[in-house]
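Quick notes on the structure that follows.
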2 protein chains.
Amino acid sequence: MATSNGGTDVKSSRTFKLASFYSEVQTSRLNHALPFPSVLRKPFNVDDGPKSSAAGNPDEIAKLFPNLFGQPSASLVPNETGLSGSDQKLKIGVVLSGGQAPGGHNVISGIFDYLQDRVPGSTLYGFKGGPAGIMKGKYVELTSEFVYPYRNQGGFDMICSGRDKIETPDQFKQAQETSKKLDLDGLVVIGGDDSNTNACLLAENFRGSNMKTRVIGCPKTIDGDLKSKEVPTSFGFDTACKIYAEMIGNVMTDARSTGKYYHFVRLMGRAASHITLECALQTHPNVTIIGEEVAAKKQTLKNVTDYITDIICKRAELGYNYGVILIPEGLIDFIPEVQQLIAELNEILAHDVVDEAGAWKNKLRDQSHQLFDFLPEAIQEQLMLERDPHGNVQVAKIETEKMLIQMVEIELEKRKQAGAYKGQFKGQSHFFGYEGRCGLPTNFDSTYCYALGYAAGALLHAGKTGLISSVGNLSAPVEEWTVGGTALTALMDVERRHGKFKPVIKKAMVELEGAPFLKFASMRDEWAIKNRYINPGPIQFHGPASNALNHTLLLELGAQA
Amino acid sequence: MATSNGGTDVKSSRTFKLASFYSEVQTSRLNHALPFPSVLRKPFNVDDGPKSSAAGNPDEIAKLFPNLFGQPSASLVPNETGLSGSDQKLKIGVVLSGGQAPGGHNVISGIFDYLQDRVPGSTLYGFKGGPAGIMKGKYVELTSEFVYPYRNQGGFDMICSGRDKIETPDQFKQAQETSKKLDLDGLVVIGGDDSNTNACLLAENFRGSNMKTRVIGCPKTIDGDLKSKEVPTSFGFDTACKIYAEMIGNVMTDARSTGKYYHFVRLMGRAASHITLECALQTHPNVTIIGEEVAAKKQTLKNVTDYITDIICKRAELGYNYGVILIPEGLIDFIPEVQQLIAELNEILAHDVVDEAGAWKNKLRDQSHQLFDFLPEAIQEQLMLERDPHGNVQVAKIETEKMLIQMVEIELEKRKQAGAYKGQFKGQSHFFGYEGRCGLPTNFDSTYCYALGYAAGALLHAGKTGLISSVGNLSAPVEEWTVGGTALTALMDVERRHGKFKPVIKKAMVELEGAPFLKFASMRDEWAIKNRYINPGPIQFHGPASNALNHTLLLELGAQA
């Protein structure tokens, strides 16, 4: 029955599914006409900008990418005749890499439509299940009938995704073989920072092997941490944040109506706190913890607990025994002392007997010992018991929002004993994550992704490689958006791992001097005490707010959010 | 600072809030013009129907409600002159009782507008914080300026709610005193089954004391378990289900895209499984557990676990190692053996020493002992450790979705050992509850609630008491909706408690012979194996699907969902 996942069957089942299993909103989205940057409406050429460098350590990047380093950016500019020498049909592959983000299907639709519109007779292959599909040669030919049911739809289910990487010489060889077998002119890699780094390595490898297959990346991640001057945002961030903000807004109205709960909301986003910051700007919670600030200020878990507890106490004096608190998923990773404790625990648990009396704890350094004793019992147990197959503590399994509720409870009890707190505290925990990765993309993400895909098609058609599709001027009307590509090497720096330099696209963290954080920081004290909750409501596809950009993007673009 | 919650300050802060702290969607909802049943557009009279009886034990209900029993239903019918003898200004109070449900503010807006439109110069008081506000005389005068910012908004924050009941002779006396002090002609109680039972007792008490204050109920609860022939649905159910279904649909797309998670989604709704059933009809999950069916078939926890595990195994054979499973919040309450075990545990833990060796377990009856041993260790611990102040096991704290994941894991491991299962299983747990109680009401809930409120105003104006506001013919266009009131005693039965008869409005449970369950039952086997997921998308206020009714209501009304 495994063949029921195969290309042909899927295609026919899609047609069936489309007839019977789409909601009214899904169907209406299928037929939603996307606005289009004006440069993409007419004939255009691809112009080169100045030579590029790297985000850091250009000498090392130049060594790692001898064929690609220094490539100029590319811009699509209107001309009368279109791309010169561009009549030859193309064979292009596309792959989705890493976690889901709303809009991925529209990137593919954009590539498909580019080929249909500009290079008729071309072929688009979708590699199935992520980069493994390239290595194993698992693909499906994307036809009009196949692509249509996914237009403006969430998810990555058209060809699915995967987290494999093409890294070893053998894997590069497999990728080469597949590309040769399919006679590929180009490959589009839709992914985050790691996947785009890989895309660049693949572009370098293919170029170095004199292969004709060119590689273009596209910026995807709900986390919002793949961005630069030329790549203003990663797709999916807008939709995911708006879905979480809808839920947070509802929980805020509930908190105010009920008057007796503190809602601790953990939000997806392990490495950077962009999602948490954006949701805060959309909804005005009483407390928002930004991981980058915690790290910059070298805060301890006790500092974070005290910060939250102080606000709860102030609110109790004003008669408010309720509130909403946002926490980034990756908070623990930002607190140095927690990392230290976990490292020591891993060591001890691997080599020592853990006695009931707790003598083993004396092997912890003083600071770690104190921190361990400070943690609620349930978290202590979780740290001792939940191990991955290598015996390491599973940090990802720690429910930070529940941990903080318990730590705040303990601190409030102390203050109550001391007469410094007279309120009532009931914590409610939430984790918003999977709900946001596959929602129907907003009008912004739908349009942005389609343009990214169309641009990727154009860049490959123009013979470019090692670029990331870049659509800019996003605060202007869609007609005025700019379209082009940025050298992936220009986004890169190196990290030293096992004595070797590895190229990386550095994750874009929340900048504490950036406009979004500064706006948040200027308002949070008021939000803490006064209730300035905003309920953004569900994402609308028609009418008011349906074309609104997110605050982070607007503020970073210098527009007023 | 407690006065900052007082009427005047709130009023002025609302005006400020309205200017600055509404999202674009919230603002657009404020100005959304509601469609209106045609009977409410013109002059009308209130006609009586035939004499009513009770849902059960009419003789006992007649004894408990000597003044009200047998009251006819009331219908608003167009006439030329309007209500006769109806020029006198009215003083009306309104109270929100129990948990939040989207649309409560519109009920109040409807009452307010009725008075403005039809009895100018009248006064509407909002009792604050639920029935306690009546007893303590805490209220605010609702003015146009005060009510406006809450039109079509979610939450109960206009006057907040509470769970107190007016039950004892003293409490009835307090309610009488407040009503006399404010010279109330009427009181509208917006609440669920318990609150409407209380409303009827209050109506009986006031009538029996020859007071002029009349009492009208309104059907509120997201759980959907307050309904009858005359009261086709409780408000809030439509919005809450659509919010949960949006999230479930997103999780389904994620499951299909990722291909490696089983999402176990627990949904709010303790007593009845209407929410779970409605969400299943909207989204087509692989497994849906309906508490009423579990109870009717006297299923054990092992039966439920096996049912889920069987489907997971079948799906694994088809190559699907992912899926979505819906579980009602109250599942455990539907399983007799679990209730029995908990009762025995409460008894043992109150009186016996719990020894580490487990000798105490021999005090459990055989079936309970077996069930206890069948439970995952973490749940065993939870049962032993988490107690309420009376020493009882806190069933509500058991995260049923996590418990089922663990039980399914254990069962799958057994089958794997026996060679009957070769798949991979990763469970992800979710609880959707607080997100849905205070969302912006759908167009349906907005319109329905406004009509309920307008009707309540009309019923009080016509001198009625002990009725519940009833708006019917809901599958027809809004213009054709019927408007009236149903005798609360007609919804009642008695329960024997401590040797006395207590009146109750019986919760409307999921009917296993009803159209919604039958439709679900006819399709679930297909949903289990084939993937028929539907993503309803976010609630829309404009355009496609913005006026769609929920499946439960449509099916119960005999229309095709």
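The values are calculated or read from the model by the stated rules, or taken from the named source; none is laboratory data. Source: prediction; values computed, not measured. Every residue, glycine among them, receives a Cβ derived from its backbone with ideal geometry; neighbour counts consider all protein chains shown. To get the accessible areas, we keep the full protein, side chains included, count just its heavy atoms, and leave off ligands, DNA and RNA. Shrake-Rupley method; radii C 1.70, N 1.55, O 1.52, S 1.80 Å.
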Rounded to a whole %, the carbon-and-sulfur portion of the accessible area of the range A:395-471 at a 1.4 Å probe is 49
Once amide hydrogens are built 1.01 Å from N within the peptide plane, the residues lying 5 or more places from A:Phe235 or on another chain with amide H under 5 Å from its amide H are A:Lys220, A:Thr221
Between B:Ala55 and A:Lys229, the FRET efficiency computed from the C-beta separation at R0 = 60 Å comes out, to the nearest 0.05, as 0.30
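Roughly what % of DSSP beta bridges within the protein assembly as shown run antiparallel, to the nearest 5? Show your work: numbers first, answer last.
Values: 46 of 114 bridges.
Close to 40 percent.
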Taking a label point 7 Å from the Cα of B:Ala476 along Cα-to-Cβ, the residues of the range B:524-552 whose backbone nitrogen sits under 11 Å from it are none
Between the Cα axis of helix A:7-20 and the main Cα principal axis of chain A, the angle (0 to 90°, nearest 10) is 70
The simple spin-label model distance between B:Ser144 and B:Asn210, using points 7 Å out along Cα→Cβ, in nm, is 4.0
The protein assembly as shown, convex hull of Cα, quarter of hull surface, nm² -> 46.5
Rounded to the nearest 10 Å², the 1.4 Å probe accessible area of B:Thr213 is 10
homo-copy label distances at B:Val354 (7 angstrom along Cα-Cβ), nm, one dp, ascending, are 2.1
In short, the range B:237-260 residues buried by 40 Å² or more of accessible area relative to the isolated chain (1.4 Å probe) are B:Met247, B:Asn250, B:Thr253, B:Asp254, B:Arg256, B:Ser257
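Give me the extension gain from A:Ile529 to A:Phe501: residue separation times 0.36 nm, minus the current Cα-Cα distance, reported in nm with one decimal.
Details: separation 28, 0.36 × 28 = 10.08 nm, distance 4.84 nm.
That pair, A:Ile529 and A:Phe501, stretches by 5.2 nm at full extension.
Quote the total accessible area buried by chains A and B together, excluding ligands, DNA and RNA, probe 1.4 Å, nearest 100 Å². Show your work: numbers first, answer last.
Working: alone 23900 and 23960 Å², together 42740 Å².
Buried: approximately 5100 Å² between B and A.
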For the range A:215-321, shape from the Cα gyration tensor axes a ≥ b ≥ c, cut at a/c of 1.5 then a/b versus b/c, turns out oblate
Of all trypsin sites (Lys or Arg not before Pro) in the range A:403-442, the ones in DSSP coil with at most 15 other Cβ atoms within 10 Å are A:Lys422, A:Lys426
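Calculated from DSSP H runs of 4 or more alone, at -39500 (n - 2.57) each and per residue, what is the 222 nm mean residue ellipticity of chain A, nearest 500? Before the final figure, lay out each step's value.
On the way: 20 runs with 233 residues, N = 561.
After summing the helix terms and dividing by the residues of chain A, the value is -13000 deg cm²/dmol.
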The helix A:400-417 Cα axis meets the longest alpha-carbon principal axis of chain A at an angle in degrees, between 0 and 90 and rounded to 10, of 20
Rounded to one decimal in nm, the spacing of the 7 Å Cα→Cβ label points at A:Lys260 and B:Gln88 is 3.9
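Have a look at the DSSP beta bridges in the range A:43-163 and tell me what percent are antiparallel, nearest 5.
Numbers: 8 of 14 bridges.
That works out to approximately 55 percent antiparallel.
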Ordered by number, the GluC sites (Glu not before Pro) in the range B:511-561 that occupy a DSSP loop and have at most 10 other Cβ atoms within 10 Å are B:Glu513
Note: A:Glu167 to A:Asn362 extended length (0.36 nm per residue) minus current alpha-carbon separation gives 65.9 nm
If amide H atoms are modeled at 1.01 Å from N in the peptide plane, then the residues at a separation of 5 or more from A:Gly129, or on another chain, having amide H under 5 Å from its own are A:Cys160, A:Ser161
Over the protein assembly as shown, with neighbouring protein chains present, the accessible area per residue in Å² at probe 1.4 Å is 38
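Just add up the charged neighbours of A:Phe127: K/R +1, D/E -1, any other residue whose Cβ is under 10 Å from the Cβ of A:Phe127. Present the calculation step by step, with values, prior to reporting the outcome.
Working: positive: A:Lys128, A:Lys136, A:Lys138; negative: none.
Overall, the nearby charge balance is +3.
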Two pseudo-spin positions, 7 Å from Cα along C-beta at A:Asp388 and at B:Lys302, lie apart in nanometres by 3.7
Between B:His542 and B:Gln116, Cβ-based FRET efficiency (R0 41 Å, step 0.05) works out to 0.90
Spelling it out for A:Asn45: with amide H atoms placed in the peptide plane at 1.01 Å from N, the residues 5 or more places away or on another chain with amide H under 5 Å from its amide H are A:Val77, A:Asn79
Counting only protein heavy atoms with a 1.4 Å probe and every protein chain in place, the carbon and sulfur fraction of the accessible surface of the range B:274-343 in whole percent equals 51
If labels are modelled 7 Å from Cα along the Cβ direction, A:Gly499 lies from its partners in the other copies at nm distances, smallest first, of 8.9
Taking Cα atoms only, helix A:301-317 is inclined relative to the longest principal axis of chain A by an angle, in degrees rounded to 10, of 70
If labels are modelled 7 Å from Cα along the Cβ direction, A:Glu141 lies from its partners in the other copies at nm distances, smallest first, of 7.8
About its Cα centre, the range A:55-143 carries a charge dipole, from +1 on Lys and Arg Cβ atoms and -1 on Asp and Glu Cβ atoms, whose size in debye to the nearest 20 is 420
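In whole Å, what three semi-axes, largest first, describe the equivalent ellipsoid of chain B built from its Cα gyration tensor (square root of 5 times each eigenvalue)? Working shown, then result.
On the way: eigenvalues 383, 156, 99 Å².
Computed over chain B, the values are 44, 28, 22 Å.
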Subtracting the Cα-Cα distance of A:Lys42 and A:Lys181 from 0.36 nm times their residue separation yields 46.7 nm
